[in-house]
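Here's the structure we're looking at; comments come further down.
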Amino acid sequence: MRLAVLAVTAAQPRWVDEAVADYAKRFPPDWPFQSIDLRPERRSGNRTTAHVLAAEAERIRATLPRQSLLVVCDERGAAPTSRELAAQLATWSREHPSVMFVIGSADGTDPALRREAHALLALSRLTLPHGLAKVLLVEQLYRAVSILKDGPYHRD
């Protein structure tokens, strides 16, 4: 199964890119991983937040591979344990060729995109900066795959 994390964010500090790259190279060949960054829409004078989020949602949809499952990161979503996330990935892998996880912009994600998502995933009840949220998500995806592969990374 292919895994992707798409973040709607401006340039991040080097440590974020380095951490994501470090985890990305650890994924096994049968669980390829891709990190995608989309620049946020410009917030010009007469564009409301709703218009900006709708435009970002269109760009996200255009990036979503065919037959891919969409999971939107949102504080109102489910907050699984690492083992529960692994079990969910196992289920999804039997039903879909890929899963794309989306981290919205500073204003969140378009409500219509959240409704279209197969699942909403809460990374934390805390508010996290984009870079930290992305590193946390990529690490947890790697951990979930490691659990599924009976690797030594995760310990209970």
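The values are calculated or read from the model by the stated rules, or taken from the named source; none is laboratory data. None of the values given here were measured: they were computed from a predicted structure. All Cβ positions, glycine included, derive from the backbone under ideal geometry; neighbour counts span all protein chains shown.
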Suppose we keep only residues that are touching a strand residue (DSSP E or B) at 6+ places or on another chain (Cβ under 9 Å) and under 15 Å from residue 138 (Cβ atoms) within segment 9-24. Which one would you say is surrounded by the most Cβ atoms within 10 Å (Cβ to Cβ)? 20
When residue 141 is evaluated against the numbered criteria (1) at pLDDT 95 or above; (2) buried (at least 17 other Cβ atoms within 10 Å of the Cβ); (3) in contact with a Pro (Cβ under 9 Å, 6 or more places away or on another chain), which criterion, by number, is the only one it fails? (3)
Among (1) in contact with a Cys (Cβ under 8 Å, 6 or more places away or on another chain); (2) free of Cβ contacts under 8 Å to residues at least 40 places away in the same chain, residue 21 falls short only on (1)
Any residue at all in segment 56-76 that's closer than 19 Å to residue 27 by Cβ and assigned to a helix (DSSP H, G or I)? no
Where the second residue is assigned to a helix (DSSP H, G or I) and exposed (fewer than 15 other Cβ atoms within 10 Å of the Cβ) and the first is without any contact (Cβ under 8 Å) to a residue 40 or more places away in the chain and lies in segment 82-108, which pairs have Cβ atoms under 7 Å and are six or more apart or on separate chains? none
